[in-house]
Amino acid sequence: MSQNDLPGSNHCTSKGEISVIGLGPGSEEYMTEKARQALINSDVIVGYRTYVKLIDNFLSGKEVVVNGMTGEVERCKEAVRRAAAGAKVAVISSGDPGIYGMAGLMLEVLSEHPCGKEININIIPGVTAASSAASILGAPLMHDFAVISLSDRLTAWEVIAKRLEMAAEGDFVIVLYNPRSHGRPDYLNRAIEIILKYRKPTTPVGVVRNAGREEQELWIRDLDTLPDLPVDMSSTVIIGNSQTYMLNGRLVTPRGYRL
Ligand code: SAH
């Protein structure tokens, strides 16, 4: 007997649906029109508290389900329960929901539900932190780049270290998400040590904190002075490759065009 044949699961005729929405970096002007419409049309908004605060303007008349950062699985299950009961549910992530966001987990949790196949799910992309940070720093991502998260909550440090090593050796521009937290203050320094095996200490780097929000700050420095910057979990770090340089206060990685 499959899950769909179980008694009580034969009323999977819900009109509910789930939109997994990327909010972009912060302020509403960076949100796509598609994301705005999906938020406006939703009955229930599910998300981490910090992200719910970003969309204050959209909350009136909606039910908001919030829980802490470690409650991702619970949050997705709640979204499915609500959609199965007929609600239009918006599950929100900052940036792009398919990049270290909720989209993958949402698809997995939905597939486990007896009504999973009947519930429509839309994944709505957003401006990811790499794009917003790059635009603020100049144009550092004009050539091949690797995105690596330093969070070891779901990935072993050995795996992270190996990827850093490979990306550095391959001369990729490197974008670091989740670069530092109180629980692991030394990970950024460890990452820098690995990258310094392959890159000059004078390699340009950029940090953007709170991109696209009122408190936005940026720094452009060298790889060996990066440890002195106040990098935190609201920051994205971009480490140049062997070609990246400073041009009138901005970072540029040349694509290779001749002027
Ligand atoms: N889905 C998100 C990423 C979530 S992981 C996206 O696509 O952008 C969380 C990490 O993203 C943070 O630790 C930080 O490195 C980065 N980040 C998210 N929003 C940011 C912002 N406004 N400014 C700078 N970095 C940000």
- Would you call Ala134 touching a Pro at 6+ places or on another chain (Cβ under 8 Å), hydrophobic (A, V, I, L, M, F, W, C) and under 20 Å from Leu23 (Cα atoms)? yes
- For the range 26-59, name all the residues that are assigned to a loop (DSSP other than H, G, I, E, B) and at pLDDT below 95. Gly26, Ser27, Ile55, Leu59
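This table checks each residue for (1) more than 16 Å from the ligand (Cβ to nearest atom); (2) under 29 Å from Val46 (Cβ atoms); (3) of a type in the set (A, V, I, L, M, F, W, C).
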position	(1), (2), (3)
Met102	no, yes, yes
Cys115	yes, yes, yes
Ser151	no, yes, no
Lys162	yes, no, no
His182	no, yes, no
- Task: Report, ordered by the first and then the second residue, all pairs with beta carbons closer than 6 Å, sequence separation of six or more or different chains, a first member in the range 86-102 that is within 21 Å of Glu29 (Cβ to Cβ), and a second member that is among the hydroxyl-bearing types (Ser, Thr, Tyr) and within 6 Å of the ligand (Cβ to nearest atom).
- Result: Gly95/Thr128; Asp96/Thr128; Ile99/Thr128; Gly101/Ser93
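Of Ser242, Ser235, which residue is under 30 Å from Leu23 (Cβ atoms) and touching a residue at least 24 places away in the same chain (Cβ under 8 Å)?
Numbers: Ser242 fails: under 30 Å from Leu23 (Cβ atoms).
Sole residue among the options that is under 30 Å from Leu23 (Cβ atoms) and touching a residue at least 24 places away in the same chain (Cβ under 8 Å): Ser235.
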- Some residue of the range 137-148 being more than 22 Å from Pro179 (Cα to Cα), touching a helix residue (DSSP H, G or I) at 6+ places or on another chain (Cβ under 7 Å) and surrounded by 21 or more Cβ atoms within 10 Å (Cβ to Cβ): no
- Message: I'm checking my understanding of the structure. Among residues of the range 232-259 that are surrounded by fewer than 22 Cβ atoms within 10 Å (Cβ to Cβ) and closer than 30 Å to Ile55 by Cα, which one is farthest from the ligand (Cβ to nearest atom)?
- Response: Asp232
- Filter the range 229-259 down to residues that are of a type in the set (D, E, K, R) and more than 16 Å from Leu176 (Cβ to Cβ) and give me whichever is modelled with the lowest pLDDT. Arg258
- Query: Can we say Val89 is at pLDDT 95 or above, in a strand (DSSP E or B) and farther than 23 Å from Ala211 by Cβ?
  - Reply: yes
- Only one of these conditions is not met by Glu74: (1) exposed (fewer than 15 other Cβ atoms within 10 Å of the Cβ); (2) more than 21 Å from Gly116 (Cα to Cα). Which number is it? (2)
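The values are calculated or read from the model by the stated rules, or taken from the named source; none is laboratory data. Since the model is a prediction, treat every value here as computed from it, not as a measurement. So basically every Cβ, Gly included, is an ideal-geometry build from the backbone, and we count neighbours across all protein chains shown.
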